[in-house]
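K.L.:
This structure is in structure tokens; I'll ask about it shortly.
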Amino acid sequence: TALFLEIEPDPVAAADGYICGDIWDQITEGLAEDARAASLALQKRAWSRRVAMRELRTRPSLMSDNVAENLRCADLTVIRRLGKQMDDGIRSEVFEAALFKSGRPVLLAPPQWSGSLGQRVFVAWSGKRESARALADAAPFLESAAHVTIATVADHQQRASDSADAVVQH
């Protein structure tokens with residue numbers, strides 16, 4: 001499922017109260033028209049026939065919580081990382097919501113990525129609860145990967161080695 005965000009602006013207060021209805025309607029209708037055009041463009045992509053599209057209409061002040069709520073029902077969230085000069089702030093906020101608020105695994109793909117997923121898997125293992133949870137979330141990728149690399153992080157050499165051996169056996 002692809003989550004398509006339609007972001008409406010938060011209401012703006014003017015000196016004499018909120019922006020009058022006609023102006024606000026013009027602003028939101030223009031944004032809705034842009035969103036419809038973007039949605040149609042996405043639906044024309046080859047992968048869209050294999051992916052269900054779900055629309056989320058939200059506002060900047062609610063976006064992080066709304067996105068996280070939607071992602072909690074996903075097995076995995078895949079977000080393409082923007083290049084350094086293309087970061088628009090919105091993608092960063094969506095990524096942070098996915099990573100810190102959804103409670104689900106997140107895969108951050110390179111900016112120009114296209115190809116197979118999960119053929120080469122890197123596991124960063126510390127032996128802590130968070131590592132165990134990440135390992136469990138990654139199990140489907142580990143089972144089908146052609147190559148798995150495990151790197152350990154620990155404050156004592158022997159404990160790191162023992163912990164890595166246990167992960168390999170698992």
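K.L.:
Starting from residues that are in a loop (DSSP other than H, G, I, E, B) and within 30 Å of THR77 (Cα to Cα), keep the ones in the range 12-65 and report whichever is modelled with the highest pLDDT. First the steps, then the outcome.
P.N.:
Initial filter on the range 12-65 (in a loop (DSSP other than H, G, I, E, B)): 12, 15-16, 19-20, 44-45, 50-52, 59.
Filter again for within 30 Å of THR77 (Cα to Cα), leaving 44-45, 50-52, 59.
On the way: LYS44: 79, ARG45: 74, ARG50: 76, VAL51: 75, ALA52: 78, ARG59: 86.
Among those that are in a loop (DSSP other than H, G, I, E, B) and within 30 Å of THR77 (Cα to Cα), it is ARG59.
K.L.:
Find the residue count for the range 66-92, including only residues that are in a helix (DSSP H, G or I) and modelled with pLDDT of 85 or more.
P.N.:
Here the count works out to 6.
K.L.:
Of everything in the range 118-152, what is open to solvent by 60 Å² or more (accessible area, probe 1.4 Å) and among the aromatic types (Phe, Trp, Tyr)? Give them in sequence order.
P.N.:
Scanning the range 118-152 gives a single hit, PHE122.
K.L.:
Name the pairs whose Cβ atoms lie under 6 Å apart, with the first residue in the range 1-13 and within 16 Å of GLU29 (Cβ to Cβ), the second modelled with pLDDT under 80 and open to solvent by less than 40 Å² (accessible area, probe 1.4 Å), and 6 or more positions between them or separate chains?
P.N.:
GLU6/ALA35; GLU8/THR28
The values are calculated or read from the model by the stated rules, or taken from the named source; none is laboratory data. In this text the structure is predicted, and so the values were computed from the model without any measurement. As a convention, Cβ positions derive from the backbone with ideal geometry for all residues, glycine included, and neighbour counts pool all protein chains shown. These accessible areas exclude ligands, DNA and RNA; they are computed on the full protein's heavy atoms, side chains included. Shrake-Rupley method; radii C 1.70, N 1.55, O 1.52, S 1.80 Å.
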